[in-house]
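Have a look at the structure below, then the notes.
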Amino acid sequence: MPGIETGGHPGWSGARPLVHEDASSDDPEKQLWKDVVDPTVARRIACRNHRGQRTRFGDAVSEHIRRVAAAVPPEAKAIAWLHDLLELTTVGGAELRARGLTTVEASALALLTRRRDEPYDAYVLRIAHATGRSGSIARLVKLADLDDHLAHAQIPRGAPPYAWARRCVLERMNGTPSTTVAG
């Protein structure tokens, strides 16, 4: 498919989901890997498609997503690599699903993709209140994304309220409903 770099990964063909090579149905510790796109493949796709792009902070997008992926647990790494892909590139969700993105991962990625006409506070609350495994993965990735933004010495004028968004996501992760307002 155009726009997707697979790096020649042997398991990246057709609509068959990729499974991390450490997956084992006999080992409960490795169950988190079952039906998860290989993060190495996700990294290749993301880095190829984000080539030359910069964040509002002036960083290479590929460096930002690398830091986000390094900050999340294994079950969220592939989505961390891909979390900005649908907003910043021409790659579509259907292309990724056709290349092996699982239903849960596709749902998490959809949660992490802000719609063009969606207010930032509605976007954050959508992630914060999402249910199921896809909601959990999206919150892990969004928290790492926000932490990376907030680690910069200065937040550019016009940037979204990252600190508020982080509080909303953390409240949900800690089991308390978010009633705060952006600002």
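None of the figures in this text is laboratory data; all of them are computed from the coordinates on show. Because the structure is a prediction, the values reported are computed rather than measured. We place every Cβ from the backbone using ideal geometry, glycine too, and count neighbours over all the protein chains shown.
For the range 28-173, the Cβ-based charge dipole about the Cα centre amounts to some 160 debye (Lys, Arg positive; Asp, Glu negative; other atoms uncharged). Taking only the C-alpha atoms of the range 71-161, Rg followed by Dmax gives 13.2, 40 Å. The modelled label-to-label distance for the pair F57/D147, using points 7 Å beyond Cα in the direction of Cβ, is 1.3 nm.
Extension gain, T103 to R116: 0.36 nm times the residue separation minus the Cα-Cα distance gives 2.4 nm.
Applying 0.36 nm per residue to the separation of H129 and T40 and subtracting their alpha-carbon distance, the gain on full extension is 29.1 nm.
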